[in-house]
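Report on the structure given below.
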Amino acid sequence: MKKKKKSSLDDIRNLKGAPLNYRFIREVESDPTARNIAKFAESTFHSTTKYRLTSMAKPISRLINHKNEPK
Amino acid sequence: MRKKFKLFECCIPVKGASRSTLCDVQRGKIKFIPNLLCEILSKYDGQEKEAAIAFYGPDYEQIIHEYYDFLVENEFGFWTDHPEWFPKMDLTWESPSAITNGIIDVNKNSDHNFRKIFGDYEQVHCKHLQLRFFDAVEIEFLSNNLKYLEKSVVSSVELILKFTEETTREKLKELGKEHPRIHRILVHSSPEFSEALKISRESPVEVVYFVQVIDSSAHCGNISMEYFTIEQDTLLESLSFNSCLNKKISIDVNGDIKNCPSMTKSYGNIKNQTLKSVLELPDFRHLWNINKDQIETCKVCEFRYICTDCRAFLESDNSLAKPKKCSYNPYTMKWDD
């Protein structure tokens, strides 16, 4: 039976007409924090971050007036 | 053959009265651009640069060259022989939940049955809840009630608590560990401001302390750049629906069911109504469909799809008036504080 070839970043980069993927790869490759986040998310997905990954992006309400808070 | 210019689909131009924004929802950033460039992007996306130059004339040629260089340098777009290979992104927004988010307000006189309330939110498949405590609350009371969410479809909970001796960072971290659905805790009436620490395994919940005293829902509805959300889901929802009230159902301090606790109109009390039955009232969903393109002033604002609206506090009696707590003027491009 033939072994399934593992896809690498280069394979994705070589795909024709995939500038969106290219843009994403550039992001992860150039930014070590992004790489760490990706690693962290992968390693902890089944533990503590399971629920927190799905929190709402936009504010549910806006009670705090940031202008009045010291920075 | 001359190459054609294609804007990345994750970069959405939004035209304002005096300037425009290019909202990059993949990178979560916005860039201010002149209205002329926004116009070119909407008219000539997928076409040769020369088509735009031919329309605007030789006076604009140099400017148009600079615009395209800027777009490529900042990775907002790319040149291609086959723009048809990159179809438009579907801009419709859908959610499988009848309700995506809700607010529960609590003060010292509230008599909420959290078991019943959380059960009601479960029935409408609510994903995100915010519990706002205007008066002091014991951590043990909070923890006992949050246990009702243990097997719930609610995936995130945000808490707003009043500062007490109990609300130490350590205790709140423990609460976060015990209830993994808690995503953020904001502590108001604090003696000093303290920013959130980075989320880690040891500290899995974001805790922020604020000096501001929050004693009622009247404090809500603030609009500022701090509240902007540059994200695909939010932007797509804002294009068609109200960015604050769509798929939201709230319970105020008295148990009254409302679109938002700051509003006066009540659709019944949680003691003798279910959230599901209120949701079926046609009147209840009316505000969900008021998007930013219908609202006075907001409709010409370059931030309109990344900003969260407010229908509770308005500048005038007109139901489509600008939010009262927004001080931004899209004509002068200034925040009038």
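List pairs: first in region B:137-149 and at negative phi, second surrounded by 13 or more Cβ atoms within 10 Å (Cβ to Cβ) and of a type in the set (Lys, Arg), Cβ under 9 Å, 6+ apart or cross-chain?
Filtered contacts from region B:137-149: B:137/B:162; B:139/B:171; B:146/B:181; B:149/B:181.
Of (1) within 14 Å of chain A (Cβ to nearest Cβ); (2) over 20 Å from residue B:123 (Cβ atoms), residue B:322 satisfies all except one. Which?
(1) is the only condition that residue B:322 fails.
Checking the condition of a type in the set (Lys, Arg), more than 22 Å from residue B:122 (Cβ to Cβ) and more than 9 Å from chain A (Cβ to nearest Cβ), which residue from B:247, B:258, B:265 passes?
Criteria check complete, one pass: B:265.
Only one residue in B:217, B:155 is at the interface with chain A (Cβ under 10 Å from one of its Cβ atoms), out of contact with any Asp or Glu (no Cβ under 8 Å at 6 or more places or on another chain) and either open to solvent by less than 40 Å² (accessible area, probe 1.4 Å) or β-branched (Val, Ile, Thr) (or both), so which one is that?
Answer to the selection: B:155.
Quick check: is even one residue across region B:271-286 within 14 Å of chain A (Cβ to nearest Cβ), among the basic types (Lys, Arg), under 23 Å from the mean Cα position of the chain (by Cα) and not in a loop (DSSP other than H, G, I, E, B)?
no
In region B:302-321, what residues are open to solvent by 20 Å² or more (accessible area, probe 1.4 Å) and acidic (Asp, Glu)?
Across region B:302-321, the qualifying residues are B:315, B:317.
Please go through region B:245-260 and give me each residue that is open to solvent by less than 30 Å² (accessible area, probe 1.4 Å) and among the basic types (Lys, Arg), ordered by number.
Correct list: B:248, B:258.
Only residues that are more than 22 Å from residue B:224 (Cβ to Cβ) and assigned to a loop (DSSP other than H, G, I, E, B): list them for region B:287-330, please.
B:317, B:318, B:319
Please indicate, with yes or no, whether at least one residue in region B:79-99 is modelled with pLDDT of 95 or more and crowded, with 19+ Cβ neighbours inside 10 Å.
yes
Results for (1) crowded, with 22+ Cβ neighbours inside 10 Å; (2) more than 8 Å from chain A (Cβ to nearest Cβ), shown as yes or no for each residue.
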| position | (1), (2) |
| --- | --- |
| B:185 | yes, yes |
| B:194 | no, yes |
| B:208 | no, yes |
| B:227 | no, no |
| B:232 | no, yes |
| B:243 | yes, no |
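Just to check your reading of the model, which residue among B:299, B:324 is over 30 Å from residue B:113 (Cα atoms), open to solvent by 70 Å² or more (accessible area, probe 1.4 Å), without any contact (Cβ under 8 Å) to a residue 12 or more places away in the chain and basic (Lys, Arg)?
Answer to the selection: B:299.
Any residue in region B:79-91 that's part of a loop (DSSP other than H, G, I, E, B): show its pairings with residues that are surrounded by 12 or more Cβ atoms within 10 Å (Cβ to Cβ) and of a type in the set (Ser, Thr, Tyr) at Cβ separation under 9 Å, as long as the two are six or more apart or on different chains.
From region B:79-91, the pairs are B:86/B:80; B:91/B:240.
The values are calculated or read from the model by the stated rules, or taken from the named source; none is laboratory data. Just so you know, these numbers come straight off a predicted model, no measurement behind them. Cβ: placed from backbone, ideal geometry, glycine included. Neighbour counts: every protein chain shown. For accessibility, only protein heavy atoms count, side chains too; no ligands or nucleic acids. Shrake-Rupley method; radii C 1.70, N 1.55, O 1.52, S 1.80 Å.
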